[in-house]
Amino acid sequence: MEWSRLYSPRRTGAERRVEQDGSSALRTSFLRDYDRIIFSSAFRRLQNKTQVFPLPGVVFVHNRLTHSLEVASVGRSLGKAVGDALTAKYTDQGEPFREFYKYELPSVIAAACLAHDIGNPPFGHSGEEAIRAYFRGLKGVAASRFSEELTSNQQRDLTFFEGNANALRTLTHHFNEAPGGFRLTYVTLASLVKYPADSANGFDKTKLATKKSGFFDSEIATYREIAAELGIPQIGGGAQGADKTGASANVFARHPFVYLVEAADDICYRVIDFEDAHRLNIISTDTIKQLFLSFFDEEEGYDARGRVEDVFNGINDDNQKVSFLRAKLINLLIQRLAAVFMEHESALLEGRLERSLIDFLPSREGELIRRIDTFSVEHIYNHRSVVEIEIAGYTVIGGMLEALIGAVLDPTSSKSKKLLQLIPRQYVIAGKKGALYSDIQSVVDFIAGMTDLYAVDLYRKITGMTFPQIR
């Protein structure tokens, strides 16, 4: 891959037309990406989707929207640091190169970060597992039709449902409207596809690119077009093996910018989940002080541990103390991971970097990250309130899929006709031979786009637990 080819203002839905940013334009193509995401209904709905802890509550905790905004902020800083470094290193690449990496890369990374969770269903990661569990548990006629009418790859799109792949679908599918979905630039879309493989070749942990899947069967052509435009090569490996050229048909190298989006997310969820747990009295101030301050043991000057600790001790409010340490640690990790990116430039361009940037931290800092991860699993991700919301997700999502997929499979019954009327017209149910995959996807699109509260409300109504009221 080449730095000079890895960006393009070309957009989905406008593949034959490339935007030209005139000198009078208020916003560049890449700033428009950010704006289109932040003003979208799909993004706004993230405000009522679980990040880790249940919503709502008397104590503020992060939801998917606030998490995404913070990841975008960190991603913008990473993009700025890397863009400046690339501009300084390659001074002979011309003005377009300099213009993009000096001024536009931060916007691209911020936009991709903003959208990185936009495909996640309600109830956190348990929502994804609830969708998988439903389709893996099909029985009888439903199971027969599922196996007979869907290809193996299409079946795996559902039995291995992945929020990352659903993000690309959410952003690019037309949903009965104008072609191209959000009409984002190819580079922004490529920057959020963490696992550039289809479902048939994904979920193979021997390669980072195939650890999960990054696009559904329905979006293969879209991603192949993006890869061709940006010079992203196909790579060997994947569950289904390679073609005669040695490359899997639908497995690609990761776009280098993906590592920056991933790094921003890695930084935020590790640090911010601790802050939320502290506000809920799950973690003490002393525990966070011990873990976070250790990152500054070998720093000098402004970030020397003694100075950081003095400021920390001078703050009276415990929540403000944690906020201060959070800000200091995020800033430190941004500097570290931007440097790691540049150190591994060759491997990034060759598509052979098989670890996330955070995994390349020096051994002492890497051990501190592992301590944070271990503590999070033991005390945060398995906290009773988190487990309760996950169980609710299985019940609510599984129940709605049972009702709505049942209606798709048997659309002639009176109840099925009523149930199908609940699905908004943007999610097309064709009900024709050969359309079962797209009809099932429409149901999943509808459910995956719901907020937690809307999902619970609709589930109660279709199961008769709550009697609907006329509004």
How many residues does region 352-382 hold that are of a type in the set (G, A, S) and under 15 Å from E262 (Cβ atoms)?
1
Flagged in region 354-385 as surrounded by 12 or more Cβ atoms within 10 Å (Cβ to Cβ) and polar (S, T, N, Q), in numbering order, are S356, S376, S385
Is it the case that region 248-268 has a residue that's among the hydroxyl-bearing types (S, T, Y), at pLDDT below 90 and in contact with a strand residue (DSSP E or B) (Cβ under 7 Å, 6 or more places away or on another chain)?
yes
Looking at region 173-200 only, could you name the residues that are closer than 21 Å to N153 by Cα, at pLDDT 95 or above and not hydrophobic (A, V, I, L, M, F, W, C)?
K194, Y195, P196, D198, S199
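Sort out which residues of region 398-429 are of a type outside the set (D, E, K, R) and closer than 24 Å to A167 by Cβ, and write them in order of number. Full working, then the answer.
Filtering region 398-429 down to residues of a type outside the set (D, E, K, R) leaves 398-401, 403-409, 411-414, 416, 419-424, 426-429.
Result: G398, M400, L401, L404, I405, V408, I423, P424, Q426, Y427, V428, I429.
Would you say Y427 is of a type in the set (F, W, Y) and part of a helix (DSSP H, G or I)? Give the derivation first.
Working: of a type in the set (F, W, Y): yes; part of a helix (DSSP H, G or I): no.
When the stated conditions are applied, Y427 does not pass them.
Among the residues of region 124-138, is any outside any helix (DSSP H, G or I) and touching a residue at least 24 places away in the same chain (Cβ under 8 Å)? Full working, then the answer.
Step one: of region 124-138, the residues outside any helix (DSSP H, G or I) are 124, 137-138.
Checking which are touching a residue at least 24 places away in the same chain (Cβ under 8 Å) leaves us with 124.
Looking for residues that are outside any helix (DSSP H, G or I) and touching a residue at least 24 places away in the same chain (Cβ under 8 Å), one finds at least one in region 124-138, hence yes.
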Residues being among the acidic types (D, E) and touching a residue at least 60 places away in the same chain (Cβ under 8 Å): count how many of those fall in region 194-223.
1
With the structure loaded, tell me whether G393 is of a type outside the set (V, I, T), at pLDDT below 90 and touching a Gly at 6+ places or on another chain (Cβ under 9 Å) or whether it fails that test.
yes
Between K461, K433, K415, which is farther than 30 Å from R279 by Cα, out of contact with any Asp or Glu (no Cβ under 8 Å at 6 or more places or on another chain), of a type outside the set (V, I, T) and part of a loop (DSSP other than H, G, I, E, B)?
K433
Any chance region 86-97 includes a residue that's without any contact (Cβ under 8 Å) to a residue 24 or more places away in the chain, of a type in the set (S, T, Y) and over 18 Å from I405 (Cα atoms)?
yes
Is it the case, given these coordinates, that V141 is part of a helix (DSSP H, G or I), β-branched (V, I, T), within 26 Å of R27 (Cα to Cα) and out of contact with any strand residue (DSSP E or B) (no Cβ under 6 Å at 6 or more places or on another chain)?
no
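Only helices (runs of 4 or more DSSP H) wholly contained in region 256-322 count here; list those with 1 or more residues that are among the basic types (K, R), in contact (Cβ under 8 Å) with a residue 60 or more places away in the chain and in contact with a helix residue (DSSP H, G or I) (Cβ under 7 Å, 6 or more places away or on another chain).
On the way: elements: 256-279, 285-293, 305-313.
It comes to 256-279.
What number of residues within region 176-213 satisfy the criterion of being hydrophobic (A, V, I, L, M, F, W, C), more than 14 Å from R224 (Cα to Cα) and part of a helix (DSSP H, G or I)? Break it down into steps so the answer makes sense when it comes.
Just the residues of region 176-213 that are hydrophobic (A, V, I, L, M, F, W, C), to begin with: 178, 182, 184, 187, 189-190, 192-193, 197, 200, 203, 208-209.
Add one more test, that the residue is more than 14 Å from R224 (Cα to Cα), and what stays is 178, 182, 184, 192, 200, 203, 208-209.
Retained after the next criterion (residues that are part of a helix (DSSP H, G or I)): 192, 208-209.
The number of residues fulfilling the criteria is 3.
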Please work out which one of (1) of a type outside the set (A, V, I, L, M, F, W, C); (2) touching a Pro at 6+ places or on another chain (Cβ under 8 Å); (3) modelled with pLDDT under 95 is the condition T66 fails and give its number.
(2)
Looking at (1) buried (at least 18 other Cβ atoms within 10 Å of the Cβ); (2) of a type outside the set (V, I, T); (3) under 30 Å from F292 (Cβ atoms), which is the one condition that is false for A407?
(3)
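The values are calculated or read from the model by the stated rules, or taken from the named source; none is laboratory data. No experiment lies behind these values; they were computed from the predicted model shown. All Cβ positions, even for glycine, are placed from backbone atoms using ideal geometry, and neighbour counts span all protein chains on display.
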